[in-house]
Structure formats: C-alpha cells, structure tokens
Amino acid sequence: MIFSKPSFNMYIITGGPGSGKSTLINALTERGIQCMPEAGRAIIQDQQAIGGPALPWVDPGSFAELMLSWDIRSYREGLKLQGPVIFDRGIPDVMGYLRLNSLPVPPHIEKATQVFRYHPQIFIAPPWQEIFAQDNERKQSFEEAIATYHAMVKVYSGLNYEICYLPLSSVEERVEFIMQRIISSS
C-alpha cells in the first residue's frame, strides 16, 4: 500500500461507542483545541429527521457512504485550520464499520484511507463499562462496543497508525494526556 503524506496537525480519537470520546472532545474544545464532530451521530440524527433510509440498522452500506463523504469533507476543512485539530473518528473508521458488519470494503473506501492520512499517532478510547450508556443514536450493546473497539484497533494498526490508548481516568486526566502528546509533536 502506498500512503499519502500525513497531516501532522490532524489527530483522531476513536474507539467503541460509549467510551467517553464525545465528552473528551467537548472538554478539548473548551481548552481551545479545534475539533471536527463525529459523522455517524449527525447522520443518524439527520436521517431520522427526514425519514431517510441511511441508518446503520436499515441500510448500513448507504450509512457508510454518507460517513465517508462527511469524513472527507471534515478532513478538507481540517486542512484549512492552524494548530492541532481533533477528529471524532476518521475515514478509517468507515472501513472498520464495514468490516464489523461483515460488509465488503469497496475499493474507493480503501483508497480513501490511503489518500487522506492523519497524524501517524491516533488515540483510542478502550471500552469502559462504568460510563457506557445507550441513547437515541447509540443503540449498540456493550458487547458491540467492545467489538467496535477491537475492529478499530485492527483497522488503524493495519493502516500503519501508531495507537495511543487513552487511560480509563477522569475527563481532565484524559485531556492532559492528549494535550501533552499533541503539544509535544507540534
């Protein structure tokens, strides 16, 4: 595989649902870090609002295509920003989602993971039973959250990203953990 040059100011936070990613990203935003929102949750909200079929439990293939489009747009927006930019999931998550659902990964999605590269080190939030909760958009069980986590580890490792595991600790400690790493690489 030939990879494009990574964008060293663009960092991904990924992991299974309910592992504290969104709370962490909100806290990073409060600290002045620019962040790009997660595609999946917004797509689910939009599709529910319009009665659309591109939902993970209705048409997972269409849902994946919308996530890819959203993530490429976010990537392009991130390129315009100065300083570190945090992404709530990234383009490789689409590949992980498809594999997790035993769906084929189309060549254009595979290519997107090669063309649109992020910082070589990504952050992953491990499954955390104590904070896991379901809601209107997060319908997965904790077991599915664990499977998602493992799928993301496999995808990002396979794409030659270095995985940095987030500690199971307070939001502030997680913020400091990330801040130390993104400031030191700037």
Subset of segment 91-122 [among the hydrophobic types (A, V, I, L, M, F, W, C) and either touching a Phe, Trp or Tyr at 6+ places or on another chain (Cβ under 7 Å) or part of a helix (DSSP H, G or I) (or both)]: Ile91, Val94, Met95, Leu98, Leu100, Ile109, Ala112, Val115, Phe116, Ile122
Pairs, first in contact (Cβ under 8 Å) with a residue 12 or more places away in the chain in segment 142-156, second among the aromatic types (Phe, Trp, Tyr), C-beta under 7 Å, six or more apart: Phe142/Phe132; Ala145/Phe132
Pairs, first acidic (Asp, Glu) in segment 103-124, second surrounded by 14 or more Cβ atoms within 10 Å (Cβ to Cβ) and assigned to a helix (DSSP H, G or I), C-beta under 8 Å, six or more apart: Glu110/Met95
Options Pro53, Pro106; residue that is over 21 Å from Glu162 (Cα atoms), touching a Ser or Thr at 6+ places or on another chain (Cβ under 8 Å) and of a type outside the set (S, T, N, Q): Pro53
Selection within segment 9-54 - under 22 Å from Pro106 (Cα atoms) and surrounded by fewer than 18 Cβ atoms within 10 Å (Cβ to Cβ): Pro53
Conditions (1) touching a strand residue (DSSP E or B) at 6+ places or on another chain (Cβ under 8 Å); (2) surrounded by 20 or more Cβ atoms within 10 Å (Cβ to Cβ); (3) among the aliphatic types (A, V, I, L, M); (4) not in a strand (DSSP E or B): number failed by Leu81: (2)
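Read the figures in this text as sums done on the coordinates, not as results from a lab. Remember, it's a predicted structure, so these values are computed and weren't measured experimentally. So basically every Cβ, Gly included, is an ideal-geometry build from the backbone, and we count neighbours across all protein chains shown.
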